[in-house]
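Report on the following structure.
The values are calculated or read from the model by the stated rules, or taken from the named source; none is laboratory data. Predicted, not measured: the structure shown is a model, and the values here were computed from it. Counting neighbours? That spans all protein chains shown, and the Cβs are built from the backbone with ideal geometry, glycine included. Note: accessible area is taken over every heavy atom of the protein model, side chains too, but ligands, DNA and RNA are not part of it. Shrake-Rupley method; radii C 1.70, N 1.55, O 1.52, S 1.80 Å.
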Amino acid sequence: MLEVLDTLVAWRARTDAVRRGGATLGLTMTMGGLHRGHASLFERAAASCDVAAATVFVNPLQFGDPADLAAYPRDLAADLAVAEAAGVTLVLAPPIEEIWPAWPASTATTVHVAGLADVLEGEGRPGHFDGVASVVTKLLVATGPCTAFFGEKDFQQLCVVQRLVADLALPIEVVGCPIVRERDGLALSSRNARLSAGGHRAALTLRASLEAGRAALAASPCVEHALEAMRRVVAGEPLVTLAYAAAVEPSTLRAAVEPPRGATVRLLVAGVVEGVRLIDNVAAVVGP
Ligand code: PAF
């Protein structure tokens with residue numbers, strides 16, 4: 001039976017009670033718009049913890065573009081059905097005033113993860129990761145000790161969260177989970193629903209560019225060649241505007257310049273298709 005709470009006080013009391021009863025808590029934070037990618041996180045939480053919990057909150061602080069915020073899907077009943085089917089038994093779905101009482105005025109306290117928040121997606125979306133880090137910190141503090149599951153699809157977000165949890169010594173274990181893809185390889189995202197069939201086909205070049213980069217790095221340690229291969233693939237698809245193609249050291253997100261053979265780097269790509277910003281990434285081992 002799914003229990004849905006909407007205040008931080010009730011959430012804190014309920015998650016405390018779970019732990020006091022000797023059970024472990026697995027948390028997945030979401031903004032709703034739930035799909036199979038989220039369900040895979042819920043299932044992982046349910047399989048590895050006694051109680052699988054989830055938050056559903058569309059966080060306005062992480063949207064730079066008001067149109068993007070307005071277009072974000074909101075259907076709590078559908079989200080709860082997805083969560084329950086995937087083994088979640090406890091949900092926090094707070095109204096905006098519960099999390100950001102002063103909204104649309106800003107709060108005095110925000111969380112900024114220097115360095116990690118300012119590159120890649122952070123460059124194209126100023127303030128985005130401050131919004132993410134602030135809400136994640138608030139929700140983690142309210143939840144208390146737990147294991148928190150984050151998808152690798154938002155690889156930079158995962159790094160930001162890992163770093164803030166370490167820096168603030170929060171009693172949380174962060175677990176990164178593999179990207180879930182459509183059958184044709186497109187990384188699942190609630191934004192995919194905004195693409196036409198042609199846009200969807202065009203978006204597949206993002207994955208193709210990562211594969212080209214991965215193959216290039218497996219054959220030679222030259223990062224610049226790999227990045228050129230990635231850019232070439234995207235340039236061949238007129239419906240996609242490349243935002244960036246990058247190869248980074250996976251925990252610092254610093255550009256991988258001369259990675260040694262055998263090292264694993266993360267290749268990331270972002271592009272805009274039919275006005276929709278999409279991201280994808282993959283691990284690549286430097287060869288030969
Ligand atoms: O990944 C998301 O859906 C959001 O960025 C998160 C972690 C729920 C914070 O609002």
Tell me, please, whether a residue that is open to solvent by 30 Å² or more (accessible area, probe 1.4 Å), without any contact (Cβ under 8 Å) to a residue 60 or more places away in the chain and hydrophobic (A, V, I, L, M, F, W, C) can be found in region 112-127.
yes
Identify all residues within region 244-255 that are surrounded by 22 or more Cβ atoms within 10 Å (Cβ to Cβ) and assigned to a loop (DSSP other than H, G, I, E, B); write none if there are none.
L253
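Among the residues of region 149-166 satisfying the criterion of being among the polar types (S, T, N, Q) and more than 10 Å from the ligand (Cβ to nearest atom), which is least open to solvent (accessible area, probe 1.4 Å)? Walk me through how you get there before you give the answer.
Residues of region 149-166 among the polar types (S, T, N, Q): 156-157, 162.
Filter again for more than 10 Å from the ligand (Cβ to nearest atom), leaving 156, 162.
Numbers: Q156: 8, Q162: 79 Å².
Only one residue tops the list, namely Q156.
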Could you tell me which residue of region 47-57 is farthest from G122 (Cα to Cα), considering only residues that are crowded, with 18+ Cβ neighbours inside 10 Å and without any contact (Cβ under 8 Å) to a residue 60 or more places away in the chain?
V51
Here are some conditions: (1) at pLDDT below 95; (2) more than 18 Å from A39 (Cβ to Cβ). P73 meets all but one. Which one does it not meet?
(2)
Counting only residues that are of a type in the set (V, I, T) and within 13 Å of the ligand (Cβ to nearest atom), which one in region 114-148 is nearest to A247 (Cα to Cα)?
V132
Of the conditions (1) within 14 Å of the ligand (Cβ to nearest atom); (2) modelled with pLDDT under 95; (3) among the hydrophobic types (A, V, I, L, M, F, W, C), F57 fails just one. Which one is it?
(2)
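So that you can scan it fast, the table gives a plain yes or no per residue for (1) part of a strand (DSSP E or B); (2) of a type outside the set (V, I, T):
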| position | (1), (2) |
| --- | --- |
| L27 | yes, yes |
| G32 | no, yes |
| H38 | no, yes |
| G64 | no, yes |
| A70 | no, yes |
| P73 | no, yes |
| A78 | no, yes |
| V88 | no, no |
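Farther than 21 Å from K138 by Cα, in a loop (DSSP other than H, G, I, E, B), open to solvent by 10 Å² or more (accessible area, probe 1.4 Å) and basic (K, R): does that describe R44?
No: the conditions fail for R44.
Here is a yes/no grid of residues against (1) open to solvent by less than 30 Å² (accessible area, probe 1.4 Å); (2) among the β-branched types (V, I, T):
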residue: H200; (1), (2): no, no
residue: R207; (1), (2): no, no
residue: P221; (1), (2): no, no
residue: A235; (1), (2): no, no
residue: L242; (1), (2): no, no
residue: P259; (1), (2): yes, no
residue: V272; (1), (2): no, yes
residue: R277; (1), (2): no, no
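Please enumerate the residues belonging to region 60-90 that are open to solvent by 40 Å² or more (accessible area, probe 1.4 Å) and within 14 Å of the ligand (Cβ to nearest atom).
Taking region 60-90 and keeping what is open to solvent by 40 Å² or more (accessible area, probe 1.4 Å), we get 61, 64-67, 70-71, 73-78, 81-82, 84-85, 89.
Across region 60-90, the qualifying residues are L61, G64, P73, R74, V82.
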